[in-house]
Amino acid sequence: MTDQLGKTEKRSIGFLLGMSMLMLGANLVWTAYNSLILPTLVEGAVKNEKGLATGLIGFFGTLLGITVSLLAGILSDHSLNRWGRRTPAILIGVFLGLPLIGLPTLFLAPTFRSAFLSLALPIVILSYCGMQFATNVSNGAWWPLLVDVVPEHQRGLASGIQGALTLIGATIAIVVVTILIQNGKMIDSLWLIGGVFAFSGIVNIIVIRGRDTPATQSGQISIIQAMRGIFRVRTRVVIFFWVVLAVLLAYMGINSLQFFAIYFFQVYFPSINPDAAFRTMGGISLIMTMLAAVGSGLLSDKIGRRSLILWAMFICAATSLFMGLTNNYIVFLALSGLRAAATGPIIASAPALAGDLAPKDEAGQYMAYNNLSTGLSGALAGLIFGVILVTLTRTTFMVLFILSAILFLMGGIVFAVKVPQEEIDLQIQASK
(Lines give C-alpha, C1' and ligand atoms only; values in the text may rest on other atoms or scores of the structure.)
Protein backbone atom coordinates (compact mmCIF):
# COMPACT_ATOMS: atom_id res chain seq x y z
CA MET A 1 0.00 0.00 0.00
CA THR A 2 2.79 2.45 0.89
CA ASP A 3 4.66 1.93 -2.37
CA GLN A 4 1.47 2.29 -4.38
CA LEU A 5 0.52 5.42 -2.46
CA GLY A 6 3.90 6.99 -3.16
CA LYS A 7 3.84 6.33 -6.89
CA THR A 8 0.28 6.42 -8.20
CA GLU A 9 -2.21 8.08 -5.87
CA LYS A 10 -2.91 11.78 -5.58
CA ARG A 11 -4.76 13.50 -2.78
CA SER A 12 -7.18 16.33 -3.50
CA ILE A 13 -6.59 19.81 -2.15
CA GLY A 14 -9.77 19.41 -0.11
CA PHE A 15 -8.41 16.26 1.54
CA LEU A 16 -5.07 17.91 2.33
CA LEU A 17 -6.86 20.94 3.79
CA GLY A 18 -9.17 18.83 5.94
CA MET A 19 -6.36 16.54 7.06
CA SER A 20 -4.38 19.57 8.24
CA MET A 21 -7.20 21.35 10.09
CA LEU A 22 -5.91 20.13 13.45
CA MET A 23 -2.79 22.25 12.94
CA LEU A 24 -4.94 25.40 12.70
CA GLY A 25 -6.58 24.69 16.04
CA ALA A 26 -3.40 23.51 17.76
CA ASN A 27 -1.34 26.50 16.68
CA LEU A 28 -4.14 28.89 17.63
CA VAL A 29 -3.90 27.43 21.14
CA TRP A 30 -0.09 27.47 21.28
CA THR A 31 0.29 31.00 19.91
CA ALA A 32 -2.47 32.47 22.05
CA TYR A 33 -1.44 30.73 25.26
CA ASN A 34 2.34 31.11 24.88
CA SER A 35 2.50 34.67 23.60
CA LEU A 36 -0.61 36.31 25.05
CA ILE A 37 -2.54 34.38 27.68
CA LEU A 38 0.31 32.94 29.76
CA PRO A 39 2.22 36.26 30.16
CA THR A 40 -1.03 38.06 31.03
CA LEU A 41 -2.11 35.45 33.59
CA VAL A 42 1.36 35.33 35.15
CA GLU A 43 1.47 39.13 35.35
CA GLY A 44 -1.69 39.00 37.44
CA ALA A 45 -0.48 36.15 39.65
CA VAL A 46 3.22 37.05 40.19
CA LYS A 47 4.51 40.38 41.46
CA ASN A 48 8.25 40.06 40.75
CA GLU A 49 10.41 38.38 38.07
CA LYS A 50 7.45 37.72 35.81
CA GLY A 51 9.77 37.09 32.83
CA LEU A 52 11.53 34.26 34.66
CA ALA A 53 8.25 32.81 35.95
CA THR A 54 6.76 32.83 32.46
CA GLY A 55 9.88 31.22 31.01
CA LEU A 56 9.97 28.46 33.66
CA ILE A 57 6.29 27.59 33.24
CA GLY A 58 6.80 27.55 29.47
CA PHE A 59 9.90 25.36 29.80
CA PHE A 60 8.46 22.65 32.04
CA GLY A 61 5.06 22.67 30.33
CA THR A 62 6.66 22.29 26.93
CA LEU A 63 8.90 19.46 28.20
CA LEU A 64 5.72 17.66 29.23
CA GLY A 65 4.28 18.29 25.78
CA ILE A 66 7.39 16.90 24.08
CA THR A 67 7.28 13.69 26.14
CA VAL A 68 3.57 13.22 25.46
CA SER A 69 4.07 13.85 21.74
CA LEU A 70 6.83 11.23 21.54
CA LEU A 71 4.75 8.65 23.39
CA ALA A 72 1.64 9.38 21.30
CA GLY A 73 3.63 8.87 18.11
CA ILE A 74 5.14 5.57 19.28
CA LEU A 75 1.88 4.19 20.68
CA SER A 76 -0.04 5.14 17.54
CA ASP A 77 2.44 3.16 15.40
CA HIS A 78 1.23 0.03 17.20
CA SER A 79 -2.46 0.82 17.53
CA LEU A 80 -4.87 -1.91 16.41
CA ASN A 81 -7.94 0.24 17.08
CA ARG A 82 -10.59 -0.22 14.40
CA TRP A 83 -10.75 3.57 13.96
CA GLY A 84 -7.12 3.58 12.82
CA ARG A 85 -3.66 4.18 14.21
CA ARG A 86 -3.82 7.95 14.60
CA THR A 87 -7.52 8.80 15.08
CA PRO A 88 -7.98 7.62 18.73
CA ALA A 89 -5.13 9.79 20.07
CA ILE A 90 -6.29 12.82 18.08
CA LEU A 91 -9.80 12.34 19.51
CA ILE A 92 -8.55 12.02 23.10
CA GLY A 93 -6.53 15.22 22.79
CA VAL A 94 -9.28 17.41 21.36
CA PHE A 95 -11.81 16.38 24.03
CA LEU A 96 -9.41 16.85 26.94
CA GLY A 97 -8.18 20.20 25.63
CA LEU A 98 -11.32 22.29 26.09
CA PRO A 99 -11.83 21.89 29.88
CA LEU A 100 -8.09 22.10 30.65
CA ILE A 101 -7.65 25.29 28.62
CA GLY A 102 -10.69 26.84 30.32
CA LEU A 103 -9.45 26.08 33.85
CA PRO A 104 -8.31 29.68 34.68
CA THR A 105 -11.97 30.77 34.58
CA LEU A 106 -12.05 29.46 38.17
CA PHE A 107 -10.25 32.58 39.40
CA LEU A 108 -11.20 34.92 36.54
CA ALA A 109 -14.99 34.58 36.78
CA PRO A 110 -16.51 36.96 39.36
CA THR A 111 -18.61 34.13 40.82
CA PHE A 112 -15.58 32.03 41.79
CA ARG A 113 -12.87 34.70 42.07
CA SER A 114 -12.83 35.09 45.84
CA ALA A 115 -12.64 31.32 46.39
CA PHE A 116 -9.85 30.59 43.90
CA LEU A 117 -7.80 33.80 43.63
CA SER A 118 -5.22 32.57 46.15
CA LEU A 119 -4.68 29.51 43.91
CA ALA A 120 -4.22 31.56 40.73
CA LEU A 121 -0.62 30.54 40.04
CA PRO A 122 -1.17 26.76 40.60
CA ILE A 123 -4.26 26.93 38.38
CA VAL A 124 -2.29 28.70 35.63
CA ILE A 125 0.44 26.04 35.83
CA LEU A 126 -2.12 23.20 35.77
CA SER A 127 -3.98 24.73 32.85
CA TYR A 128 -0.83 25.37 30.83
CA CYS A 129 0.56 21.87 31.45
CA GLY A 130 -2.87 20.37 30.73
CA MET A 131 -3.05 22.31 27.48
CA GLN A 132 0.38 20.99 26.50
CA PHE A 133 -0.68 17.44 27.35
CA ALA A 134 -3.93 17.53 25.36
CA THR A 135 -2.64 19.31 22.27
CA ASN A 136 0.45 17.10 22.07
CA VAL A 137 -1.47 13.84 22.38
CA SER A 138 -3.22 14.91 19.17
CA ASN A 139 -0.13 16.51 17.64
CA GLY A 140 2.07 13.44 18.19
CA ALA A 141 -0.43 11.22 16.40
CA TRP A 142 -1.06 13.73 13.59
CA TRP A 143 2.43 14.12 12.11
CA PRO A 144 2.79 10.50 10.89
CA LEU A 145 -0.20 11.13 8.61
CA LEU A 146 2.23 12.95 6.29
CA VAL A 147 3.84 9.55 5.72
CA ASP A 148 0.75 7.34 6.08
CA VAL A 149 -1.70 9.03 3.72
CA VAL A 150 0.22 11.59 1.62
CA PRO A 151 2.22 10.49 -1.46
CA GLU A 152 5.88 11.51 -1.52
CA HIS A 153 5.36 13.80 -4.51
CA GLN A 154 2.71 15.79 -2.57
CA ARG A 155 4.42 16.09 0.80
CA GLY A 156 5.85 19.52 0.02
CA LEU A 157 2.37 20.76 -0.93
CA ALA A 158 0.84 19.08 2.14
CA SER A 159 3.46 20.65 4.40
CA GLY A 160 2.85 24.03 2.77
CA ILE A 161 -0.91 23.72 3.41
CA GLN A 162 -0.20 22.59 6.98
CA GLY A 163 2.10 25.59 7.40
CA ALA A 164 -0.54 27.96 5.99
CA LEU A 165 -3.25 26.64 8.33
CA THR A 166 -0.80 26.83 11.22
CA LEU A 167 -0.30 30.49 10.41
CA ILE A 168 -4.03 31.12 10.06
CA GLY A 169 -4.38 29.77 13.59
CA ALA A 170 -1.64 32.13 14.72
CA THR A 171 -3.40 35.00 12.91
CA ILE A 172 -6.63 34.34 14.79
CA ALA A 173 -4.63 34.36 18.01
CA ILE A 174 -2.83 37.60 17.25
CA VAL A 175 -5.83 39.50 15.92
CA VAL A 176 -8.86 38.14 17.77
CA VAL A 177 -7.34 37.05 21.09
CA THR A 178 -5.36 40.28 21.54
CA ILE A 179 -8.55 42.28 20.99
CA LEU A 180 -10.43 40.15 23.52
CA ILE A 181 -7.66 40.49 26.11
CA GLN A 182 -7.37 44.24 25.47
CA ASN A 183 -11.09 44.52 26.24
CA GLY A 184 -10.83 42.46 29.44
CA LYS A 185 -12.40 39.31 27.97
CA MET A 186 -9.81 36.73 28.98
CA ILE A 187 -12.48 34.12 29.74
CA ASP A 188 -13.91 34.44 26.22
CA SER A 189 -10.45 34.04 24.72
CA LEU A 190 -9.86 30.80 26.66
CA TRP A 191 -13.12 29.21 25.54
CA LEU A 192 -12.58 30.45 21.98
CA ILE A 193 -9.21 28.78 21.52
CA GLY A 194 -10.35 25.60 23.27
CA GLY A 195 -13.49 25.40 21.12
CA VAL A 196 -11.66 25.96 17.84
CA PHE A 197 -9.11 23.30 18.78
CA ALA A 198 -11.89 20.77 19.46
CA PHE A 199 -13.72 21.66 16.22
CA SER A 200 -10.57 21.45 14.08
CA GLY A 201 -9.71 18.03 15.50
CA ILE A 202 -13.18 16.68 14.75
CA VAL A 203 -12.94 17.93 11.14
CA ASN A 204 -9.53 16.27 10.85
CA ILE A 205 -10.92 12.94 12.09
CA ILE A 206 -13.86 13.02 9.68
CA VAL A 207 -11.62 13.71 6.68
CA ILE A 208 -9.11 10.90 7.36
CA ARG A 209 -11.82 8.35 8.15
CA GLY A 210 -11.16 5.25 6.05
CA ARG A 211 -7.63 6.37 5.18
CA ASP A 212 -6.28 5.95 8.69
CA THR A 213 -5.96 2.19 9.08
CA PRO A 214 -4.94 0.02 12.07
CA ALA A 215 -1.39 -1.29 12.37
CA THR A 216 -0.84 -4.61 10.61
CA GLN A 217 2.76 -5.60 11.30
CA SER A 218 3.00 -5.35 15.08
CA GLY A 219 0.67 -5.60 18.04
CA GLN A 220 -0.20 -3.04 20.64
CA ILE A 221 2.36 -2.04 23.26
CA SER A 222 1.87 -0.58 26.72
CA ILE A 223 2.82 2.92 27.81
CA ILE A 224 5.67 1.39 29.88
CA GLN A 225 7.01 -0.40 26.79
CA ALA A 226 6.70 2.82 24.79
CA MET A 227 8.64 4.75 27.45
CA ARG A 228 11.37 2.12 27.50
CA GLY A 229 11.67 2.28 23.72
CA ILE A 230 11.22 6.03 23.35
CA PHE A 231 14.71 6.49 21.90
CA ARG A 232 15.12 3.04 20.33
CA VAL A 233 14.48 2.53 16.64
CA ARG A 234 14.64 -0.56 14.49
CA THR A 235 16.04 1.36 11.50
CA ARG A 236 18.57 4.08 12.34
CA VAL A 237 18.55 6.97 9.83
CA VAL A 238 21.44 9.18 10.96
CA ILE A 239 20.82 11.99 8.48
CA PHE A 240 17.25 12.35 9.82
CA PHE A 241 18.57 13.26 13.28
CA TRP A 242 20.99 15.83 11.83
CA VAL A 243 18.00 17.45 10.12
CA VAL A 244 16.15 17.52 13.46
CA LEU A 245 19.14 19.12 15.23
CA ALA A 246 19.64 21.79 12.56
CA VAL A 247 15.95 22.69 12.47
CA LEU A 248 15.78 22.66 16.30
CA LEU A 249 18.51 25.32 16.42
CA ALA A 250 16.64 27.40 13.83
CA TYR A 251 13.36 27.08 15.73
CA MET A 252 15.06 28.24 18.92
CA GLY A 253 15.81 31.42 17.00
CA ILE A 254 12.23 31.63 15.76
CA ASN A 255 10.78 30.99 19.25
CA SER A 256 13.13 33.32 21.12
CA LEU A 257 10.48 36.02 21.50
CA GLN A 258 7.33 33.88 21.78
CA PHE A 259 6.84 34.16 25.56
CA PHE A 260 8.21 37.70 25.81
CA ALA A 261 6.85 39.70 22.84
CA ILE A 262 4.50 41.85 24.92
CA TYR A 263 7.30 42.63 27.38
CA PHE A 264 9.62 43.43 24.45
CA PHE A 265 7.36 46.11 23.02
CA GLN A 266 6.82 47.61 26.48
CA VAL A 267 10.60 48.05 26.82
CA TYR A 268 11.82 48.72 23.27
CA PHE A 269 9.02 50.95 21.98
CA PRO A 270 7.26 52.32 25.09
CA SER A 271 5.37 55.02 23.18
CA ILE A 272 3.42 52.39 21.24
CA ASN A 273 0.64 50.26 22.73
CA PRO A 274 2.28 46.82 23.18
CA ASP A 275 -0.84 44.85 22.19
CA ALA A 276 -1.25 46.93 19.04
CA ALA A 277 2.46 46.63 18.22
CA PHE A 278 2.36 42.86 18.72
CA ARG A 279 -0.73 42.63 16.51
CA THR A 280 0.94 44.68 13.77
CA MET A 281 4.18 42.71 13.83
CA GLY A 282 2.26 39.45 14.00
CA GLY A 283 0.02 40.36 11.08
CA ILE A 284 2.94 41.31 8.85
CA SER A 285 4.95 38.26 9.87
CA LEU A 286 2.11 35.82 9.40
CA ILE A 287 1.19 37.07 5.93
CA MET A 288 4.82 36.85 4.80
CA THR A 289 5.36 33.44 6.37
CA MET A 290 2.12 32.04 4.96
CA LEU A 291 2.94 33.11 1.40
CA ALA A 292 6.50 31.84 1.71
CA ALA A 293 5.41 28.53 3.30
CA VAL A 294 2.91 27.64 0.58
CA GLY A 295 5.19 28.85 -2.23
CA SER A 296 8.28 27.09 -0.94
CA GLY A 297 6.29 23.92 -0.23
CA LEU A 298 5.16 23.73 -3.86
CA LEU A 299 8.63 24.67 -5.10
CA SER A 300 10.36 22.07 -2.92
CA ASP A 301 8.35 19.28 -4.59
CA LYS A 302 9.93 20.34 -7.89
CA ILE A 303 13.49 21.50 -7.14
CA GLY A 304 14.24 19.80 -3.81
CA ARG A 305 14.08 20.94 -0.20
CA ARG A 306 17.68 21.25 0.95
CA SER A 307 18.74 24.50 -0.72
CA LEU A 308 15.55 26.30 0.31
CA ILE A 309 15.99 25.36 3.97
CA LEU A 310 19.71 26.19 3.98
CA TRP A 311 19.41 29.69 2.53
CA ALA A 312 16.42 30.41 4.78
CA MET A 313 18.50 29.76 7.90
CA PHE A 314 21.29 32.14 6.84
CA ILE A 315 18.85 34.92 5.90
CA CYS A 316 17.11 34.52 9.28
CA ALA A 317 20.48 34.87 11.03
CA ALA A 318 21.23 38.19 9.33
CA THR A 319 17.77 39.70 9.85
CA SER A 320 17.64 38.63 13.53
CA LEU A 321 20.91 40.44 14.20
CA PHE A 322 19.67 43.68 12.64
CA MET A 323 16.32 43.42 14.46
CA GLY A 324 18.18 43.63 17.76
CA LEU A 325 20.29 46.59 16.67
CA THR A 326 17.61 48.92 15.31
CA ASN A 327 15.83 51.58 17.35
CA ASN A 328 13.33 52.41 14.61
CA TYR A 329 9.90 50.81 14.88
CA ILE A 330 9.23 50.86 11.12
CA VAL A 331 12.63 49.34 10.33
CA PHE A 332 12.01 46.69 12.98
CA LEU A 333 8.68 45.77 11.36
CA ALA A 334 10.32 45.57 7.92
CA LEU A 335 13.08 43.31 9.22
CA SER A 336 10.60 41.10 11.06
CA GLY A 337 8.61 40.73 7.82
CA LEU A 338 11.74 39.77 5.91
CA ARG A 339 12.71 37.22 8.55
CA ALA A 340 9.17 35.85 8.53
CA ALA A 341 9.39 35.27 4.77
CA ALA A 342 12.67 33.43 5.30
CA THR A 343 11.11 31.16 7.92
CA GLY A 344 8.54 29.94 5.37
CA PRO A 345 10.81 27.27 3.83
CA ILE A 346 11.82 26.07 7.31
CA ILE A 347 8.20 25.70 8.40
CA ALA A 348 7.00 24.07 5.16
CA SER A 349 9.96 22.18 3.71
CA ALA A 350 11.63 20.78 6.85
CA PRO A 351 8.62 18.58 7.82
CA ALA A 352 8.34 17.38 4.22
CA LEU A 353 12.04 16.46 4.21
CA ALA A 354 11.60 14.63 7.53
CA GLY A 355 8.69 12.70 6.03
CA ASP A 356 10.82 11.77 3.02
CA LEU A 357 13.58 10.38 5.26
CA ALA A 358 11.44 8.58 7.87
CA PRO A 359 11.14 4.76 7.59
CA LYS A 360 7.53 3.95 6.72
CA ASP A 361 7.00 1.33 9.43
CA GLU A 362 8.27 3.70 12.14
CA ALA A 363 6.67 6.89 10.85
CA GLY A 364 4.96 7.74 14.14
CA GLN A 365 8.14 7.46 16.17
CA TYR A 366 10.31 9.29 13.65
CA MET A 367 7.84 12.12 13.10
CA ALA A 368 7.56 12.43 16.88
CA TYR A 369 11.33 12.93 16.91
CA ASN A 370 10.81 15.57 14.23
CA ASN A 371 8.45 17.36 16.65
CA LEU A 372 11.47 17.88 18.90
CA SER A 373 12.59 20.57 16.48
CA THR A 374 9.53 22.64 17.36
CA GLY A 375 8.60 21.46 20.86
CA LEU A 376 12.03 21.23 22.48
CA SER A 377 13.09 24.49 20.85
CA GLY A 378 10.17 26.25 22.52
CA ALA A 379 11.06 24.76 25.91
CA LEU A 380 14.75 25.65 25.62
CA ALA A 381 13.93 29.14 24.32
CA GLY A 382 11.58 29.72 27.25
CA LEU A 383 14.22 28.64 29.77
CA ILE A 384 17.31 30.28 28.24
CA PHE A 385 15.71 33.57 27.30
CA GLY A 386 13.63 33.63 30.48
CA VAL A 387 16.88 33.56 32.50
CA ILE A 388 18.37 36.30 30.30
CA LEU A 389 15.23 38.40 30.77
CA VAL A 390 15.19 38.31 34.58
CA THR A 391 15.63 42.05 34.11
CA LEU A 392 13.60 43.42 31.22
CA THR A 393 15.89 46.04 29.63
CA ARG A 394 16.94 47.13 26.14
CA THR A 395 20.29 45.43 26.68
CA THR A 396 18.81 42.05 27.62
CA PHE A 397 16.46 42.12 24.63
CA MET A 398 19.39 43.03 22.36
CA VAL A 399 21.23 39.97 23.72
CA LEU A 400 18.14 37.90 22.90
CA PHE A 401 18.27 38.90 19.22
CA ILE A 402 22.03 38.39 18.95
CA LEU A 403 21.70 34.89 20.40
CA SER A 404 18.82 34.23 18.00
CA ALA A 405 21.07 35.13 15.08
CA ILE A 406 23.78 32.80 16.39
CA LEU A 407 21.27 29.95 16.69
CA PHE A 408 20.11 30.40 13.09
CA LEU A 409 23.72 30.48 11.93
CA MET A 410 24.59 27.32 13.87
CA GLY A 411 21.56 25.56 12.40
CA GLY A 412 22.61 26.54 8.90
CA ILE A 413 26.17 25.29 9.43
CA VAL A 414 24.97 21.94 10.82
CA PHE A 415 22.55 21.55 7.92
CA ALA A 416 25.17 22.47 5.31
CA VAL A 417 27.81 20.07 6.67
CA LYS A 418 25.76 17.11 7.93
CA VAL A 419 22.83 16.99 5.47
CA PRO A 420 24.38 16.61 1.98
CA GLN A 421 22.03 16.15 -0.97
CA GLU A 422 23.68 12.85 -1.93
CA GLU A 423 22.76 11.25 1.40
CA ILE A 424 19.23 12.63 1.19
CA ASP A 425 18.75 10.99 -2.22
CA LEU A 426 20.16 7.66 -1.02
CA GLN A 427 17.90 7.56 2.04
CA ILE A 428 14.78 8.49 0.06
CA GLN A 429 15.48 5.63 -2.34
CA ALA A 430 16.04 3.25 0.59
CA SER A 431 12.74 4.31 2.22
CA LYS A 432 10.64 3.52 -0.85
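The values are calculated or read from the model by the stated rules, or taken from the named source; none is laboratory data. Computed from a prediction, not measured in an experiment: that's the story for all the values here. For neighbour counting, all protein chains shown are included, and Cβ atoms are generated from backbone atoms with ideal geometry for every residue, glycine included. Protein only, heavy atoms only, side chains kept; ligands, DNA and RNA dropped before computing areas. Shrake-Rupley method; radii C 1.70, N 1.55, O 1.52, S 1.80 Å.
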How large is the accessible surface per residue of the chain, computed with a 1.4 Å probe and reported in Å² as a whole number? 39
What value, in deg cm²/dmol to 500, does the helix sum -39500 (n - 2.57) over DSSP H runs of n ≥ 4 give at 222 nm once divided by the residues of the chain? -25000 deg cm²/dmol
Can you give the extra length, in nm with one decimal, that the chain gains between residue 311 and residue 426 once fully stretched, where that is 0.36 nm per residue apart less the Cα-Cα distance? 39.2 nm
Counting C-alpha atoms alone, how compact is the range 231-387: give Rg to one decimal and Dmax as a whole number, in angstrom. 16.9, 57
Below 19 Å Cα-Cα, how many Lys pairs turn up in the chain? Only count pairs eight or more apart in sequence, or on different chains, if you could. 8
Residue span residue 331 to residue 182: 0.36 nm per residue of separation minus Cα-Cα distance leaves a gain in nm of 51.1 nm
Once fully extended, how much extra length lies between residue 418 and residue 213, figured as 0.36 nm per residue of separation less the alpha-carbon to alpha-carbon distance? 70.3 nm
Within the accessible area of the chain, what % is carbon and sulfur when the probe is 1.4 Å and the other protein chains stay in place? 67
Any chance you could get the radius of gyration and Dmax over the Cα atoms of the chain, in Å? 20.7, 64
Can you list the HN-Hα couplings for the range 343-353, worked out from phi with the Karplus curve (6.51, -1.76, 1.60; θ = phi - 60°), rounded to whole Hz and with x for Gly and Pro? 6, x, x, 5, 5, 8, 8, 5, x, 5, 5
Could you order peptides 68-80, 132-144, 180-192, 377-389 by the average number of other Cβ atoms within 10 Å of their residues, highest first? 132-144, 68-80, 377-389, 180-192
When you take every Cα atom in the range 72-128, what is the radius of gyration, and what is Dmax, the widest Cα pair distance, in Å? 16.7, 48
